[in-house]
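The values are calculated or read from the model by the stated rules, or taken from the named source; none is laboratory data. Since the structure is predicted, the reported quantities are computational estimates derived from the model, not experimental observations. Here the Cβ is made from the backbone with ideal geometry for all residues, glycine too, and neighbour counts use every protein chain on show. In case anyone asks, the SASA skips ligands and DNA or RNA and just uses the protein heavy atoms, side chains included. Shrake-Rupley method; radii C 1.70, N 1.55, O 1.52, S 1.80 Å.
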Amino acid sequence: MNDSPYSEPQPRLRIRPYALTRGRTRAAVDIPLETIVRVAPNAPASGRDIGPDERTILDLAAQPISLAELSAHLRMVIGVVRVLVGDLVAEGLLTRSAIQTTNQPDASILERVLNGLKAL
Amino acid sequence: MASRHCDPTVDGASATADQKVPIPVKIVVAGGFGVGKTTFVGSISEIDPLRTEAAMTQASEAFDAVNESTDKSATTVAMDFGRITLGNDDLILYLFGTPGQPRFHFLWDELVRGAIGAVVIVDTGRLADSFSAVDYFEGRGVPFVVAVNCFHGAMTHDLDAIRQALALSERVPMFFTDARERSSTRDALLTLVQHALAQATG
């Protein structure tokens with residue numbers, strides 16, 4: 001397998017990415033790329049119309065899935081998915097993994113990763 | 001596209017015990033173009049590497065809304081990534097392969113936040129391609145290791161010479177790797193996590 005051809009960014013002639021978020025480029029909540037979301041248990045009924053892309057996100061998030069994976073499946077740039085997911089998290093329709101506030105995982109997490117890799 | 005997951009175990013009342021969200025962890029895989037980043041990720045990922053894209057204008061986050069001055073919003077940069085589920089499904093490790101050119105460093109700033117560290121893949125034929133990655137991780141104190149890809153079988157350089165050419169500190173682990181081999185990739189990741197752990201615990 002060869003490396004992906006991302007030597008140069010390719011202009012895409014499709015819908016302007018942030019049109020889907022009505023121009024918003026910031027998410028309602030902080031959502032790093034690797035954040036895992038899943039449909040919230042006992043999610044409240046949304047008081048608004050859920051758009052088709054949001055519906056797809058909710059369908060995919062029946063199982064835990066990261067923002068990066070959602071971006072890949074939806075073929076949308078990360079920033080757009082982040083805004084859409086941020087809305088769904090803020091509304092309580094999605095729960096997300098705990099946000100790490102430090103620069104690096106703590107030693108106990110690193111130990112678990114180490115043991116997990118050794119067990120592969 | 002909207003493939004619905006039909007997993008009967010996640011349905012209704014029986015799902016309550018299964019509602020916890022795994023903890024994500026990530027490792028950045030960096031290096032010059034064509035050095036084998038996606039091969040490295042794909043050799044150990046439990047899924048075929050996926051591609052995600054970021055709009056280049058994420059660099060200009062000073063703007064709350066898109067306007068005419070962010071006219072390049074249709075220009076994107078792609079990243080290939082893979083996933084490894086660890087432990088009892090409670091930990092998911094993501095490997096993000098990132099383009100190495102300095103103009104993509106805006107992406108790295110986000111990627112290294114919360115990351116375990118980075119594996120810099122080096123091709124001995126194009127050592128200079130990895131300079132900016134090494135500079136970046138050194139400058140930010142991000143734990144990293146240097147994996148010299150012996151993709152072509154030719155080990156024309158020895159590690160000491162490469163370390164010297166990269167002006168790399170003795171403290172940074174460096175080793176040969178074969179990005180196509182799962183066990184070799186796993187060992188590279190293990191070396192990084194051990195290095196990060198040593199750095200974290202002082």
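Filter the range A:29-60 down to residues that are more than 9 Å from chain B (Cβ to nearest Cβ) and of a type in the set (A, V, I, L, M, F, W, C) and give me whichever is most open to solvent (accessible area, probe 1.4 Å).
A:Ala45
Being at pLDDT 90 or above and over 24 Å from A:Leu110 (Cβ atoms) narrows it down to one residue among B:Leu166, B:Leu189; which is it? First the steps, then the outcome.
Numbers: B:Leu189 fails: over 24 Å from A:Leu110 (Cβ atoms).
It is B:Leu166.
List pairs: first residue in the range B:83-102 and within 8 Å of chain A (Cβ to nearest Cβ), second residue of a type in the set (S, T, N, Q) anywhere in the structure, Cβ distance under 6 angstrom, at least six positions apart or on different chains.
Pairs found: B:Arg83/B:Ser45; B:Ile92/B:Thr85; B:Gly97/B:Thr38.
Just need a number here: residues in the range A:1-24 that are open to solvent by less than 40 Å² (accessible area, probe 1.4 Å), at pLDDT below 75 and touching a strand residue (DSSP E or B) at 6+ places or on another chain (Cβ under 7 Å).
Residues meeting the conditions: 4.
Find the residue count for the range A:61-73, including only residues that are open to solvent by 20 Å² or more (accessible area, probe 1.4 Å) and touching a Ser or Thr at 6+ places or on another chain (Cβ under 9 Å).
So in the range A:61-73, the residues open to solvent by 20 Å² or more (accessible area, probe 1.4 Å) come out as A:62-64, A:73.
With touching a Ser or Thr at 6+ places or on another chain (Cβ under 9 Å) added as a condition, the list becomes A:64, A:73.
Final tally of qualifying residues: 2.
A quick yes/no check of all residues on (1) among the aliphatic types (A, V, I, L, M); (2) more than 7 Å from chain B (Cβ to nearest Cβ); (3) buried (at least 19 other Cβ atoms within 10 Å of the Cβ):
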| position | (1), (2), (3) |
| --- | --- |
| A:Met76 | yes, yes, yes |
| A:Val83 | yes, yes, yes |
| A:Leu88 | yes, yes, yes |
| A:Leu93 | yes, yes, yes |
| A:Arg96 | no, no, yes |
| A:Gln104 | no, no, yes |
| A:Val113 | yes, no, yes |
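Kindly evaluate B:Ala154 against the criterion of being more than 28 Å from A:Leu117 (Cα to Cα) and modelled with pLDDT under 95. Let's see the steps before the verdict.
Numbers: more than 28 Å from A:Leu117 (Cα to Cα): yes; modelled with pLDDT under 95: yes.
Spelling it out, B:Ala154 is indeed more than 28 Å from A:Leu117 (Cα to Cα) and modelled with pLDDT under 95.
For (1) farther than 18 Å from B:Asp80 by Cα; (2) touching a Ser or Thr at 6+ places or on another chain (Cβ under 8 Å); (3) surrounded by 18 or more Cβ atoms within 10 Å (Cβ to Cβ); (4) charged (D, E, K, R), each residue gets a yes or a no:
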{"residue": "B:Gly100", "(1), (2), (3), (4)": "no, yes, yes, no"}
{"residue": "B:Phe104", "(1), (2), (3), (4)": "no, yes, yes, no"}
{"residue": "B:Val120", "(1), (2), (3), (4)": "no, yes, yes, no"}
{"residue": "B:Arg140", "(1), (2), (3), (4)": "yes, no, no, yes"}
{"residue": "B:Pro143", "(1), (2), (3), (4)": "yes, no, yes, no"}
{"residue": "B:Val146", "(1), (2), (3), (4)": "yes, yes, yes, no"}
{"residue": "B:Ala167", "(1), (2), (3), (4)": "yes, no, no, no"}
